[in-house]
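So the structure is just underneath, and the comments pick up after that.
Only the coordinates and a few stated rules stand behind these numbers; no lab work does. Nothing here was measured: the structure is a model prediction, and the numbers come from that model. Counting neighbours? That spans all protein chains shown, and the Cβs are built from the backbone with ideal geometry, glycine included.
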């Protein structure tokens, strides 16, 4: 009996300090690094159609979900006054154009009159020339005592009369030219008034047009928050205006997600992604990254970090936009979705389970002092800092001991991580349990037990 007790005690003593661990092997396999983020479905381009004028909404000519074409009339606001203004300005324009046409006709008549006046002057001057020759011959005959005094006086009177006729014709030409200049000035004034009336018509027409809403692009009506009869107002610098509807360009559908700040550095443009939509289960849609935000967004507020007066330690995200290559017809803006972005792939690389990785301070890896009574030596700051250096690694099984080995890692897959250095294929490493990996000491005695734990009955 005493011998049995001694053997049992010896076995218990020999097993003291042995840690039961689970292990795995360093293997080669293909790895894919994914960044998973959640967000919502959004069209790449959408426009809120706001009110450009104040008044009662008299007509909504489309329905939510309806496809519209660019330039299509969407809604109308009460427009009695602006329509009357347009009619009044058009009437003024018509009157001004009539005045301009009359002035233009008058100018043409004045030009024709000038031509007639010039012809009359030419004719008068020709008659004057003939009368002058007759008068000169009459003078010669009268001086030669061949012509009577009566005939001479008659020739002289005709000559002087023709001189007066030329002077009169020239005066009428000067007067006609002045009238023509006046008519031209009236035409210029009329044309300027016409230009002014046209500008007023354009202004009144623009005001009237603002009472109608038109589609700025081809798309789908995705939001229609107002009803006929409601009063709408345009936006002001300190007052948002009424949103009549939202038009979305559904030709390019995106998944707009928020990526954690620790993952954003791995996301690049044109990386492929798998998108799942909560409302369309059991289906995955392909896409690619088309936009990466540069502004951090505070997770708790949804505001840009530069606009938030909060601690810099607050969790932050970055906006990433993934374009769906073939979006389904039943998709709707605002649907919740998840995007898994492939940031890297590796073929046949060394890998280990992620949970096998652990962190140890360099000083904790040193073997313990053999003489426990020796007083600890006070280290200089540099040595103390070196002892506190943190190392990333795994515990490798060798001769029933777990030895810490520093490793260099690459990309991270769903459950495994790439090993760049420190291990070789086939090495046996500690993979569990989580508590053991956190607390096991370097060179600890271990016992491998890879049997799956039995679940307790519930």
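Protection proxy ranking for 263-270, 382-389, 320-327, 347-354, using the average of other Cβ atoms within 10 Å per residue and placing the highest first: 320-327, 347-354, 263-270, 382-389. The alpha carbon centroids of the stretch 121-147 and the stretch 273-343 are separated by 110 Å. In the chain, Cα pairs under 8 Å separated by at least six residues give a relative contact order of 28 percent. What translational diffusion coefficient, in µm²/s and rounded to a whole number, does the Stokes-Einstein relation yield for the stretch 200-319 at 37 °C and a viscosity of 0.692 mPa s, taking the hydrodynamic radius as the Kirkwood radius over Cα pairs? Translational D for this selection: 173 µm²/s.
How would 247, 47 line up from fewest to most surrounding beta-carbon atoms within 10 angstrom?
Details: 247 26, 47 15.
The order, fewest Cβ neighbours first, is 47, 247.
Rounded to the nearest 10 degrees, the angle from helix 80-143 to the longest Cα principal axis of the chain is 30 degrees. Summarising the label geometry, the points placed 7 Å from Cα in the beta-carbon direction at residue 54 and residue 129 lie 7.9 nm from one another.
For residue 210 and residue 443, compute 0.36 nm times the residue count separating them, minus their Cα-Cα distance, and round to one decimal in nm.
Details: separation 233, 0.36 × 233 = 83.88 nm, distance 8.15 nm.
Extra length from residue 210 to residue 443 when fully extended: 75.7 nm.
Give the angle, between 0 and 90 degrees and rounded to the nearest 10, that separates the Cα long axis of helix 149-209 from the longest principal axis of the Cα atoms of the chain. Orientation of helix 149-209: about 20 degrees from the principal axis. Ranking of 34, 239, 391 by neighbouring Cβ atoms within 10 Å, starting from the fewest: 239, 391, 34.
Peptides 147-153, 432-438, 48-54: what's the order by average Cβ count within 10 Å, highest mean first?
On the way: 147-153: 12.1, 432-438: 14.0, 48-54: 17.1.
Highest mean packing first, the order is 48-54, 432-438, 147-153.
Say each of residue 25 and residue 365 gets a label point 7 Å from the Cα, pointing the same way as Cα to Cβ; how far apart are those two points in nm? Here the answer is 2.6 nm between the modelled labels. Averaging Cα coordinates gives a centre for the stretch 388-413 and one for the stretch 33-76; these two points are 56 Å apart.
Distance between the pseudo-spin-label points of residue 266 and residue 116 (7 Å out from Cα toward the beta carbon): 9.8 nm.
Between the Cα long axis of helix 2-14 and the first principal axis of the chain there is an angle of about 30°, rounded to the nearest 10.
Checking (i) 25.1, 81; (ii) 20.4, 59; (iii) 50.8, 198 against Rg and Dmax of the Cα atoms in Å calculated from these atoms, the matching label is (iii).
Could you tell me what % of all Cα pairs in the stretch 60-149 have separations over 19 Å? Don't jump to the answer; show the numbers that get you there.
Working: 3010 of 4005 pairs.
That tail contains 75 percent of the Cα-Cα pairs.
Projected onto its three principal axes, the C-alpha set of the stretch 81-209 covers 94, 16, 13 Å, listed from the longest axis down.
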